[in-house]
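Only one structure is covered here, and it is reproduced in the block below.
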Amino acid sequence: MARVLHTFVTTLLASTPDVYLDKITMEQDTVRLELTATAPHARCPCCAVSSSSIHSRYQRHLTDLPWGVCLVRIQLTVRKFVCRNRACGRRIFAERLPDVVAPSARKTDRLLTVLRAIGVALGGNAGGRLAYPTCWCSRPWRRSHAMPPSASRTKSARVPFGCPVASSTSTKSSR
C-alpha cells in the first residue's frame, strides 16, 4: 500500500522533476508531504549566474489542493546557494521552484489558480465564503490575493530584495 501511495504522489508531482518525495504522513484529516528540491544548481534571481555552491537549507510550509476531505500540507526543503558573481548585490539566494510555488508564498500555484477561479466566478466574497469552510484555505480570503502580481495597479517594476535597481523613477498609481 505504501508503495502504491508513493507512486501515486510521485505521478502527481511529475511536472516538477527537481522535487523529490521523501515521506508521506497520513493523519486524521491531513496528508503531509515532505519534499526536497534536488536541482544540481540554481540561478541567482539578480544576476542569473548559475551556482552549485550550497550555503544552507531551510524548510517552507505550504498548503496544496485538498485530496477529498483531507488537507494537504507540504514541507518543502529548499537550499540556499552562494552567488559566485562578485558584482552582484546578493551573496546568498534561495533556489526558486516556479512550477510549484512563488517566492515567499505559502500556497502552491495550483491552489492559488483554483482560488482565483472561484473568486472570479462567484464575485470575490462569495468565493471566499465557499473556499474557507471547505478547507481550501486556512484563513478567510483577502482582497490582496485576488489579482496576480502581473495585473496589479502599480506600474513600478518588481525587483527582488538585495538587487540593485536600474532606475529610481517610479510612477504613482492614479485612483
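The values are calculated or read from the model by the stated rules, or taken from the named source; none is laboratory data. None of these values were measured; they are calculated from a predicted model. All Cβ positions, even for glycine, are placed from backbone atoms using ideal geometry, and neighbour counts span all protein chains on display.
Looking at this structure, is residue 55 more than 19 Å from the chain's Cα centre (by Cα) and not hydrophobic (A, V, I, L, M, F, W, C)? So residue 55 fits the description; yes.
Okay, residues lined up against (1) within 19 Å of residue 100 (Cβ to Cβ); (2) at pLDDT 85 or above; (3) of a type in the set (Gly, Ala, Ser):
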| residue | (1), (2), (3) |
| --- | --- |
| 1 | no, no, no |
| 6 | yes, no, no |
| 16 | yes, no, no |
| 26 | no, yes, no |
| 34 | yes, yes, no |
| 40 | yes, yes, no |
| 43 | yes, yes, no |
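Tell me yes or no: at least one residue of region 63-84 is exposed (fewer than 15 other Cβ atoms within 10 Å of the Cβ), touching a Leu at 6+ places or on another chain (Cβ under 8 Å) and closer than 24 Å to residue 115 by Cα. Looking for residues that are exposed (fewer than 15 other Cβ atoms within 10 Å of the Cβ), touching a Leu at 6+ places or on another chain (Cβ under 8 Å) and closer than 24 Å to residue 115 by Cα, one finds none in region 63-84, hence no. Within region 26-53, if we keep just the residues that are out of contact with any Leu (no Cβ under 8 Å at 6 or more places or on another chain) and assigned to a strand (DSSP E or B), the residue that is nearest to residue 64 (Cα to Cα) turns out to be 32. Candidates 94, 87, 105: the one that is among the aliphatic types (A, V, I, L, M) and in contact with a Leu (Cβ under 8 Å, 6 or more places away or on another chain) is 105. All conditions but one from (1) in contact with a helix residue (DSSP H, G or I) (Cβ under 6 Å, 6 or more places away or on another chain); (2) under 23 Å from residue 25 (Cα atoms); (3) modelled with pLDDT under 80 apply to residue 146; the one that does not is (2).
Taking the conditions (1) farther than 23 Å from residue 30 by Cβ; (2) touching a Cys at 6+ places or on another chain (Cβ under 8 Å); (3) not charged (D, E, K, R) in turn, residue 55 satisfies each one other than (2). Only residues that are assigned to a strand (DSSP E or B) and within 28 Å of residue 52 (Cα to Cα) were counted in region 62-87, giving 10.
Scan region 111-123 for residues that are surrounded by 14 or more Cβ atoms within 10 Å (Cβ to Cβ) and either free of Cβ contacts under 8 Å to residues at least 40 places away in the same chain or under 19 Å from residue 78 (Cα atoms) (or both) and the total you get is 6.
Is it the case that some residue within region 32-39 is touching a strand residue (DSSP E or B) at 6+ places or on another chain (Cβ under 7 Å), crowded, with 16+ Cβ neighbours inside 10 Å, within 21 Å of residue 129 (Cα to Cα) and not hydrophobic (A, V, I, L, M, F, W, C)? Within region 32-39, not a single residue is touching a strand residue (DSSP E or B) at 6+ places or on another chain (Cβ under 7 Å), crowded, with 16+ Cβ neighbours inside 10 Å, within 21 Å of residue 129 (Cα to Cα) and not hydrophobic (A, V, I, L, M, F, W, C).
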